[in-house]
1. Hey, could you check region 157-178 for residues that are over 15 Å from GLY191 (Cβ atoms) and either in a helix (DSSP H, G or I) or outside the structural domain of THR34 (by TED's automatic domain parsing) (or both) and say which is farthest from the chain's Cα centre (by Cα)?
2. Assess whether LYS4 counts as being out of contact with any helix residue (DSSP H, G or I) (no Cβ under 7 Å at 6 or more places or on another chain) and either modelled with pLDDT of 80 or more or within 20 Å of LEU140 (Cα to Cα) (or both).
3. Looking at GLY158, GLY168, which is the one that is surrounded by 17 or more Cβ atoms within 10 Å (Cβ to Cβ) and touching a helix residue (DSSP H, G or I) at 6+ places or on another chain (Cβ under 8 Å)?
4. Out of curiosity, is THR446 in a helix (DSSP H, G or I), of a type in the set (Val, Ile, Thr) and within 21 Å of the chain's Cα centre (by Cα)?
5. Is it fair to say GLU118 is closer than 16 Å to GLN181 by Cα and charged (D, E, K, R)?
6. When you check GLY139 against the structure, is it touching a Ser or Thr at 6+ places or on another chain (Cβ under 7 Å), among the small types (Gly, Ala, Ser) and in a helix (DSSP H, G or I), yes or no?
7. Just to verify a result, which residue in region 393-433, among those that are free of Cβ contacts under 8 Å to residues at least 24 places away in the same chain, part of a helix (DSSP H, G or I) and of a type in the set (Gly, Ala, Ser), is surrounded by the most Cβ atoms within 10 Å (Cβ to Cβ)?
8. Taking the options GLY158, GLY143, GLY168, name whichever one is of a type outside the set (Phe, Trp, Tyr) and at pLDDT 85 or above.
Amino acid sequence: MSLKRNFSVGFINSIWGALLSLAVVPFYLKYLGTEAYGLIGFYASIQALLQLLDLGLSPTINREIARCSASGNMSEGRNLLHTLSIVYWVMACVVALVIFSLSPLISKYWLNSSNFSEDTVKYSVMLMGLVVACRWPVGLYMGALMGLQKVALSSTVGALIGTLSSLGAIAVLAFVSPTIQAFFIWQAFVGLVYVIIMRWLMWKLIGEKNHISRFDFGDLKRIWKFSAGMSGITVTGVIMIQMNKVILSKMLSLGDFGRYVLAGVLANGLYILLTPLFNAIYPRMTALVASGETNKLIDLYKVGTRSFLAIFFPIAITCALFSKELLYLWTRNLQVASSSALIASLLILGTTLNGVMHFPFAIQLAYGSTRLPLKINMILLSIMVPMTIILTVNFGAVGGAGSWALLNVIYLFVGTWMTHCSLLKGIGIQWLFGDVMLPLAISIMTGGIGKWVFSCAFPLYTKLLVGIILIIITFVLIILVSHRLKEVLRILWSTRDFWIKAH
């Protein structure tokens, strides 16, 4: 029941967060403009990249608190949390000072603005450093709460703070000051409130009374190996996702970069489905590996992939094909929608293929293999940087988005091959072509026909209705071509009838 509650609340909060992030963008564009939104996108990239300095400590405190809770030795967990809290707050101050120091160089040599003065950009970057510092320790307290199995509580607080951050920012821009500086000052205030609440919750749950915690270098020595392993995967993963944005922020004007970021928000909406998926399948796969039930693991891997993709591919491909309509419905700005549509389609395709690889990644971690995903990430990084630069030089923002799509095509084939050379040998080709490529081909074929038929000047809502119908038709077709999925649905339907009769 706890697992079900955590998953359900996390999924609902994930949907709310994504919808909120989509809903506020038109207001940001209205009050701030495209270039200011480019600065917001630059801040988001900095925040993501600076998570590299976390060094795997958040997942480490998650594991250590869970272990201490299970053994009943919370004194050790409190000492470790106290030690890491000091580390985090010191790092927060260092990060803020570094960004403050670099702000003149960033505003002069990195960010290209035609509407903002150099001083405006500089002060905006300095405020970004303040926001990052205020939010920095949240990751530690969030990891500790998850270690106590308080995932629902953690995600709910995060959703509430996200709501305050976004809606409060709109109120500030509308009634106080429609400037980018006011936006970042509000974000810093909300970040400080967030970290205070999380710290209070954490110590209340872990039990701070009548306990004297101390800074202990021995705790850091004890956890460094696990932390280093997780850090390597996190570092390469974050760089792979964020490096293209950093490169494009230098090579593109802020206006073009703002359109790229806008399209990226639409593509990242797919993680509403992807994040809860990984959180659900990874523990189950780990349990099957531990119990040696390889046949059940393979069945979960294959059927789980095709079942998820029967829903995921139709949604993603339809969004890619109707990206212009979605962008216009979202922003109500035809010029922005037209100029960002192709960028959004390419980013959606890349994110879709990246989502497919959550299954092999879960298999890798279930078997305790950290070297394999690290090696794959290093290969992809060596390809991504030159490819992004070359395509951006030749095709601008569209080239940058195309590099993300091509990178994940490579990831799909190379990652699958490398995974099944060492894990679950002999099923890689069957999984790739039977469970992935077949649903993808059906989704592209059905969506393409629908897009071609309705490519004329039909009303916006008619096209969107067609998109929904295409999603349903594609889902049914994928089910019909899979005997195993029809069997799974038959079992689920029988179970439903049983519960209806029983109640």
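The values are calculated or read from the model by the stated rules, or taken from the named source; none is laboratory data. Being a predicted model, the structure only gives us computed values, none of them experimental. Methodologically, a virtual Cβ is constructed for each residue, glycine included, from the backbone with ideal geometry; neighbour enumeration extends over all protein chains shown.
1. So the residue we want is PHE175.
2. Against the criterion (out of contact with any helix residue (DSSP H, G or I) (no Cβ under 7 Å at 6 or more places or on another chain) and either modelled with pLDDT of 80 or more or within 20 Å of LEU140 (Cα to Cα) (or both)), LYS4 does not qualify.
3. Going through GLY158, GLY168 in turn, just one is surrounded by 17 or more Cβ atoms within 10 Å (Cβ to Cβ) and touching a helix residue (DSSP H, G or I) at 6+ places or on another chain (Cβ under 8 Å): GLY158.
4. no
5. yes
6. yes
7. Applying the filter and picking the extreme gives GLY399.
8. The conditions single out GLY168.
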